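The values are calculated or read from the model by the stated rules, or taken from the named source; none is laboratory data. This structure is a prediction, so every number in the text was calculated from the model and none was measured. Virtual Cβ from ideal backbone geometry, glycine too; neighbours counted across all protein chains shown. Heads up: the accessible areas ignore ligands, DNA and RNA and are worked out on the full protein's heavy atoms, side chains in. Shrake-Rupley method; radii C 1.70, N 1.55, O 1.52, S 1.80 Å.
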Amino acid sequence: MSQNHARTTRPNDLATRLSAGFSSAITAALGQSAAQTDPTIKAAANPKFGDFQANFAMGLAKSLGKNPREVAQQVVDAAPQSLRDDCEPFEIAGPGFVNIRLRPETIAAALAAMDAPTLGVSNGAGAHTVAVDLCGVNVAKQMHVGHLRATIIGDTIARLFERLGWKVFRQNHLGDWGLPIAMTLAALRRAKVDLNRVTLNDLNRAYRNAQEQGRDDEAGLAAAEATGAGPHRLAELQAQHVGAAAAIADAHDTLRRLQSGDPAVVADWQRLIDVTMQEVYETAQLLGVDLKPEHNRGESFFRDRLAPTVDAFVQANLAVRDAGALVVRFEGRERPLLIQKSDGTSLYATTDLAAARYRIQDLGADLVVYCVDARQRDHFKDVFDALRLIGWTTHADGTAASLVHVPFGAVLGADKRPLKTRSGENFTLKALLDEAIARGRREVHARAASPDAPTASLNHTELDAIGQAVGIAAIKYADLASDVGRDYVFDLDRMVSFEGDTGPYAQYAHARIAGILAKAAAKGLGRGAIAITEPEERALALNLLRYPGTVEDAAAQLAPNRLAAFIYELANTFNAFYQACPVLRGSDEATCASRLQLCALTQRVLADALSIMGITAPLRM
Ligand code: ARG
């Protein structure tokens, strides 16, 4: 798949270097026929046995009919000089594992190479283009917790690719076109609501009422008739149904006027978008998400491309009539893709076909990533297949673009059911964030009350700002750290905790290092060349060196949780290092300088990794 473009060759990556060294050793020892063998370099499970392990000998010996330990020995004896220079003498263990321990100088040199502004993350080499479909709110609807995921997962994936130097197009596929909006608009206009004074809450209520009027009564009437409800109930429902029919007719009329550009209707429609987006932008800013007006590519953007889209499918003989509607059929699949209704209007899928074509052919995307709810899995499967059938996934130069749906799971309440308020409503995102910020602030204020806290001297406003950063980090990190496809339970107590695999824990590790470096600066202590002597230094260093590869893997796999796992591990290895290795006191000058340098590099990597999640790293906590 094309997102593998995110993987590059990393000469400074130790595993990559070992892999190359062992490959040549295998060929040198066993000849060309073994040249394709993967040396299978893995991080060692237990540092007692080394830093890495190579497991090639067992499989190779089997195919050669030889003893695995002998094969391992033969390969090790043929190791090229560069590999010998990098490592301590190799050790063959168990059935034929090769235990690899790097020489301290090798680790120190790799760290020195990483200690650049890029932190070793490749940037721009052979850059590709990605379009990331994120957020996707609907006009006049309140953002709820589902949009949290579409927004922050999308933003993090966009940032991962930006960090790797790709050209990134954020695409907010706003629901801003079609009958649902026309219904809301028509209802507001009928009620003569002053659209200059409405809030998103008002719109949300109007939206819901309009939806209920248009839809449910019809079902209610059918149900009442079927169950033989009394005459009074039936008459009441019939009256409502007439009202619903009128409302729907009005909505159709409003939609027609909107589509034909009636200035008054268009102005009101634009107003609905503005009211909605104002809150979306505010929320995005609060969340540290890069989402701005220029990222809007709502459904309305594609309105003039819908008819040509349908025509193209008809011309290509890919769309057939089915009870007046137009559908695309797929081999071996019962479910067709509806691209035009029998009344001639197009659908959600039609817009997605047009949007994908735009992203691939106009924006030049090699990869299009859709951060959308897992419940839309079938929709995207069908849309992607239809795009392949018509050939719109191929660029003019013949290269193929990849389309990937990142189907995220639901956010659950403590009862393991989709998160709802006590009255059974969807939690608005705003309410959730306000609660998290309040919790973050409480925590930070409480800590600052202790006289030796690093934050003890800060004023109320400063503590509030840190508390807000903590609350937002808590929510974002918990979301991004869980496997994207899985549901997770929203547990604010766990999320804001300063212990465990949480955002505040990672932020705290960062702030702790910032405190150490500030103290060192005050004492006039300098940094110097890194020397690796203690096992905890080695563990920290090896973790730091995994950073560039982690960024590439997280992007290639579209898996922000890989980055979170790295951050947690790094915070843990740092804390273990700091406990075992005195930095400011009780170490000679060179050791102190080396350890301060390790601290500084760790701080930068933590801040950089958190920034890919759009999480700020305060200097004091
Ligand atoms: N507005 C849609 C919804 O709320 C999400 C849009 C997702 N993106 C897309 N290209 N279909 O379900």
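Structural remarks
- Of all residues in segment 127-148 being within 12 Å of the ligand (Cβ to nearest atom) and surrounded by fewer than 23 Cβ atoms within 10 Å (Cβ to Cβ), the one that is farthest from V280 (Cα to Cα): G146
- Selection of segment 438-479 for residues being surrounded by fewer than 20 Cβ atoms within 10 Å (Cβ to Cβ), under 14 Å from S497 (Cα atoms) and small (G, A, S) yields A438, A446.
- Qualifying positions in segment 380-410 - part of a helix (DSSP H, G or I), without any contact (Cβ under 8 Å) to a residue 60 or more places away in the chain and open to solvent by less than 30 Å² (accessible area, probe 1.4 Å): F380, D382, V383, F384, L387
- Among the conditions (1) surrounded by fewer than 21 Cβ atoms within 10 Å (Cβ to Cβ); (2) of a type outside the set (F, W, Y); (3) more than 31 Å from the chain's Cα centre (by Cα), the only one that A539 does not satisfy is (3).
- Counted residues, segment 312-342 - those being closer than 23 Å to G298 by Cα and open to solvent by 40 Å² or more (accessible area, probe 1.4 Å): 2
- Comparison of K416, K430, K420 shows that the only residue that is more than 16 Å from the ligand (Cβ to nearest atom), under 21 Å from the mean Cα position of the chain (by Cα) and open to solvent by 40 Å² or more (accessible area, probe 1.4 Å) is K430.
- Segment 166-192 - residue that is under 17 Å from the mean Cα position of the chain (by Cα) and of a type outside the set (V, I, T) and, of those, most open to solvent (accessible area, probe 1.4 Å): K167
- Within segment 295-333, being out of contact with any helix residue (DSSP H, G or I) (no Cβ under 6 Å at 6 or more places or on another chain), more than 25 Å from L363 (Cβ to Cβ) and assigned to a loop (DSSP other than H, G, I, E, B) holds for N317, A323, G324, R329, E331, G332, R333.
- Any hit, segment 543-556, residues being of a type outside the set (F, W, Y) and more than 23 Å from L164 (Cα to Cα): no
- Residue list for segment 149-183, restricted to those being closer than 22 Å to Y477 by Cα, within 13 Å of the ligand (Cβ to nearest atom) and assigned to a helix (DSSP H, G or I): R149, A150, T151, I153, G154
- Scope segment 353-377; condition within 12 Å of the ligand (Cβ to nearest atom) and outside any helix (DSSP H, G or I); matching residues: V368, V369, Y370, C371, V372, D373
- Helices (runs of 4 or more DSSP H) wholly inside segment 28-126 containing at least 3 residues that are surrounded by 17 or more Cβ atoms within 10 Å (Cβ to Cβ): 56-64, 68-77, 104-114
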